[in-house]
Structure formats: C-alpha cells, structure tokens
Amino acid sequence: MPEAQFEPVFLRRQHFVAEITNLDEIFDFLEEWPQDKRGLAYDTLLKACRDTASGRFPLNAARENFRRFLKMSGVLAKAEGAAKFELMNDRTIGTA
C-alpha cells in the first residue's frame, strides 16, 4: 500500500530546499537529525510519528507537529521560496 501523502512541508537544507510529503520522509529526516540537537521536542515529534504509523494519531496532526518542529529549529522554508527541480532524462542532456 502506498504511503499516504500530505500537503508538502518545505525545509532549508545547506544549498537547496527539500520537500517532505509523507511520513516515511519525516522519519528519514528525523534519523538524520544531529544527536546533539535532539531533545524533548524531537522525542515528542518522533513519538507522534510512531503513533501515526500505527494508526493512533492523525497524519495531518503529525504533519503540523513536524512543521512546528522545523519552524522552532529555524529550518522551515516558505513554499513560495522553494525552487522546483526537474530530473534530467535522455532528452534533456544535450544534442551533441
């Protein structure tokens, strides 16, 4: 069964803006979050996401908690500031 999608949340990475659209992507982000920056807010968000994965917490509430965590951490990006990138395919590589 495909992962349930939600309205994108944008966050600033080093040189680009990332788009998070489902619970698996939130888990990936949390796994990469630095150990020394983890605290009560991180633990609370992780628990909410685990509860969402097991059906005990609404997906939209987990998304909103994630958005608030990003804002508190200073990495939330506004949607209108997000650059859209398209993957290149054989037809866009060149005409040489």
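The values are calculated or read from the model by the stated rules, or taken from the named source; none is laboratory data. Bear in mind the structure is a predicted one, so any value in this text is a computation, not a measurement. Virtual Cβ from ideal backbone geometry, glycine too; neighbours counted across all protein chains shown. In case anyone asks, the SASA skips ligands and DNA or RNA and just uses the protein heavy atoms, side chains included. Shrake-Rupley method; radii C 1.70, N 1.55, O 1.52, S 1.80 Å.
Summary of values
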{"read-out": "Odd one out for F57 among (1) in contact with a Lys or Arg (Cβ under 9 Å, 6 or more places away or on another chain); (2) under 19 Å from L76 (Cβ atoms)", "value": "(2)"}
{"read-out": "Selection count, region 5-63, where residues are of a type in the set (G, A, S) and within 9 Å of the chain's Cα centre (by Cα)", "value": "1"}
{"read-out": "Within region 1-33, tally of residues that are more than 14 Å from F66 (Cβ to Cβ) and open to solvent by less than 50 Å² (accessible area, probe 1.4 Å)", "value": "1"}
{"read-out": "Tally of residues being polar (S, T, N, Q) and part of a helix (DSSP H, G or I) across region 3-39", "value": "1"}
{"read-out": "Where a residue in region 1-24 is farther than 11 Å from A77 by Cβ and its partner, wherever it lies, is β-branched (V, I, T) and surrounded by 11 or more Cβ atoms within 10 Å (Cβ to Cβ), with Cβ under 7 Å and at least six apart", "value": "Q5/T21; F6/T21; L23/T52"}
{"read-out": "Hits in region 43-61 (condition: polar (S, T, N, Q) and in contact with a helix residue (DSSP H, G or I) (Cβ under 8 Å, 6 or more places away or on another chain))", "value": "T44, T52"}
{"read-out": "From L40, L46, residue being surrounded by 10 or more Cβ atoms within 10 Å (Cβ to Cβ) and modelled with pLDDT of 95 or more", "value": "L46"}
